[in-house]
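Undergrad: Pasting in a structure now, in C-alpha cells, and then I'll have a few things to ask.
Quick note: the coordinates plus some simple rules give every number you see, no bench work behind them. The model shown is predicted, which means the values in this text are computed figures rather than measured ones. Here the Cβ positions follow ideal geometry from the backbone for every residue, glycine too, while neighbour counts run over all protein chains shown.
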Amino acid sequence: MGLPADRVDRMEVYSCPLTYAHGTYVMSANRTITTLESTVVVLRTADGVSGYGEVCPLGSTYLPSSAAGARAALREVARAVVGQSATNIGKLHASMDAALAGHGYAKSAVDIAAFDLFGKLCGVPACELLGGRQMTQVPLYVAVPLRPPAEMVDFVLAERARGTHRFQLKVGTDAETDVARVRAVVEATGEGDTIVADANGGWRLAEAVQAVGMLEGTPRLRIEQPCRSFEECLQVRRRTSLPMVLDEVITDMQALLRATGERAAEGINLKISRVGGLLPARVMRDVCVELGVALLIEDTWGGDLCSAAVAALAGSTSPSALWAASFMNDWTLEHLAGYQPRSAGGWGPVPDGPGLGIEVDEDQLGERLFEAHADGA
C-alpha cells in the first residue's frame, strides 16, 4: 500500500553552482565571491508531484554555515523527512529537529521545498500559505560591492537608471574611506532613493563610532550591522540618530526580541535560511510587523528558488513594514527556472501559480549528491 498523496515519497539533493553576475562580489574583511555552491532539495510524492527548495550559504566565513555543512546536515535529516506530510510543515520541522539539532540553514531548503509541494497539492501560491497576498510586486534593493567610491557610484547610477531606488552599500574598511563611499553615493542620488551602509560586522567598535559620527545627519541613510556582536552594535546605536538595521546577529526569535527590547534597531534583515526556513521566518516577520520594525527580506544567496521563496514571504508582508526584498537570481548567471521570478524596474513580481509559482527545468539541476526513499532505499 502506497503513501497518502500528501506524503514525501522521495528526497533528492543536488549541487548547483552559481556565478556572480558582476564579476567579483566584495565585502568587508577581504571576503570575495565569484562562484558559490547552491544546494537544491527536491521532495517528491508517489503521485509524481515535486516541491523544490534551495540553500546557498555566502561562502564559509559569512555565517556559521557552508555548502559542505548543508549537505552533511541534509544527509542526517533525509530519513526523517521521507514519509512526512508536506501539508504539516510544523511536524516536518519537529521531525528534522529530532534527527539533528541545529543546522537550521540546511533545513531551510527542505522547508522551502515543502511549502512549494504544499502549495501545489492545494493549488494555491506559497504567499497564501504565509498569511495571504498583500502585494503583487515588492520593492527590491541591490547590493553594491565594496570598491573605490567612484566605482560604487557608477554601479549605483547604472542600477538606478534601470529603476532601482534602494541600495545597500558594502562598507567595513577604514572609517574615512567608508564615509567617502557613502557620501559619494548619497550626493549622486536624490529624493526617493534610500541608502544602507552595510559593514557586515566588519568595523571594530572604534571605527564604527567614528564612521557614524562623521555620517550623522546624512539624509536617506541607514546603518546596517556595523560590528560583529550584538553588544557592539548596541553601543553604536546609542551614539547615533541614524536608523540601525541588524542582520547577522538576528538568528532566531530570541535574538529579535532582545534587539527590540533593548531598542537596538529600527529594522532587521530577515534572511530565510539563517532563521531556518519560511515557517520560522513567517513568525518573526509577523512579530516585526506588530512591533513596527522595518523589514528587509532576502536570503544569504541563491537563484530562482530562493528568489521565489523571498517573493512569497515579502509578498505576504504588510507594505508599510517592508523596506525592500532582494531577488538573488538577479545576481547570478545560472537559472533553474528560466530566470523566474524576474525583476523589472526595481520591483519583483510575487508569483501567483501554485507553490513557489515557478517551473523548474530539471535538466538544469547539477550533480545529484544523494537521495532517500520512504521504502528505505
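Undergrad: Using a Förster radius of 41 Å, what is the FRET efficiency between residue 290 and residue 191 based on their Cβ-Cβ separation? Nearest 0.05, please.
TA: The calculated FRET efficiency here is 0.85.
Undergrad: FRET efficiency for residue 362 and residue 239, Cβ-Cβ distance as r, R0 = 41 Å, nearest 0.05?
TA: Details: r = 52 Å, r/R0 = 1.28.
Efficiency, rounded to the nearest 0.05: 0.20.
Undergrad: Hey, can you grab everything whose amide H is under 5 Å from the amide H of residue 325? Only 5+ residues off in sequence or another chain; H modelled, so Pro and N-termini drop out.
TA: 140, 141, 297
Undergrad: While we're here: Quick one: pull the percentage of alpha-carbon pairs in the chain with a separation above 35 Å.
TA: Here the long-distance tail beyond 35 Å is 21 percent of all Cα pairs in the chain.
Undergrad: To continue, here is another question. How compact is the range 129-349 by the rule of thumb for globular proteins, expressed as Cα Rg over 2.2 N^0.38 Å?
TA: The range 129-349 yields a ratio of 0.96.
Undergrad: Related question: Please determine, in degrees from 0 to 90 and to the nearest 10, the orientation of helix 67-81 with respect to the longest principal axis defined by the Cα atoms of the chain, where the helix direction is its Cα long axis.
TA: Taking the Cα atoms of the chain, the angle to 67-81 is about 40 degrees.
Undergrad: Starting at the first residue of the range 325-331, write each ³J(HN,Hα) from the Karplus equation 6.51 cos²θ - 1.76 cosθ + 1.60 with θ = phi - 60°, in whole Hz, x for Gly and Pro.
TA: After applying 6.51 cos²θ - 1.76 cosθ + 1.60, I find 10, 9, 9, 5, 5, 6, 9 Hz.
Undergrad: With θ taken as phi - 60° and the coefficients 6.51, -1.76 and 1.60, list the Karplus ³J(HN,Hα) couplings across the range 303-319 in order, rounded to whole Hz; mark glycine and proline as x.
TA: x, 4, 5, 5, 5, 5, 5, 4, 4, 5, 6, 5, x, 9, 9, 4, x
Undergrad: Okay, moving on. For the range 93-151 and the range 244-296, what is the separation of their Cα centres, given in Å?
TA: The range 93-151 and the range 244-296 have Cα centres spaced 14 Å from each other.
Undergrad: Using +1 on the beta carbon of Lys and Arg, -1 on that of Asp and Glu, and nothing else charged, what's the dipole of the range 129-349 about the Cα centre, debye to 20? Each step should come with its number before you reach the end.
TA: Details: 22 positive and 27 negative charges, 73 e Å.
Dipole magnitude for the range 129-349 comes out near 340 debye.
Undergrad: Same structure, new question: What residue among 124, 283, 13 shows peak mean-square fluctuation when the chain is described by a Gaussian network model with Cα springs under 10 Å?
TA: The residue with the greatest mean-square fluctuation here is 283.
Undergrad: Just how far, in whole angstrom, is the range 57-71 from the range 178-219 if you go by their alpha carbon centroids?
TA: Between the Cα centres of the range 178-219 and the range 57-71 lies a distance of 28 Å.
Undergrad: Over all directions, how big on average is the projection of the convex hull of the alpha-carbon atoms in the range 1-126, in square nanometres?
TA: Computed as one quarter of the Cα hull surface, the answer is 8.6 nm².
Undergrad: Counting only DSSP beta bridges with both residues in the range 129-349, tell me the antiparallel percent, nearest 5.
TA: Of those bridges, close to 15 percent are antiparallel.
Undergrad: Which residue, chosen from 260, 171, 284, occupies the Cα position most advanced towards the positive end of the dipole of the chain, where the dipole is computed from +1 (Lys, Arg) and -1 (Asp, Glu) charges on Cβ about the Cα centre?
TA: Going by the Cα projections, it comes out as 260.
Undergrad: In addition: If you fit an axis through the alpha-carbon atoms of helix 104-122 and take the longest principal axis of the Cα set of the chain, what angle between them do you get, 0 to 90°, nearest 10?
TA: 60 degrees
Undergrad: Now, a different point. Report, for the chain, the % of DSSP beta bridges that are antiparallel, rounded to 5.
TA: 55 percent
Undergrad: Let me ask something additional. What are the ³J(HN,Hα) values, in whole Hz, obtained from phi via the Karplus relation 6.51 cos²θ - 1.76 cosθ + 1.60 with θ = phi - 60°, for each residue of the range 41-51 in sequence order, with x given for Gly and Pro?
TA: 10, 10, 10, 10, 8, 5, 7, x, 8, 10, x
Undergrad: For the range 159-254, divide the Cα radius of gyration by the Kirkwood radius and give the resulting Rg/Rh value with two decimals.
TA: Values: Rg = 13.1 Å, Rh = 13.5 Å.
Taking Rg over the Kirkwood Rh, I get 0.97.
Undergrad: May I pose another question? Round to the nearest 10 and give me the degree value, 0 to 90, for the angle of helix 205-215's Cα axis relative to the longest principal axis of the chain.
TA: The helix 205-215 is inclined about 60 degrees to the chain.
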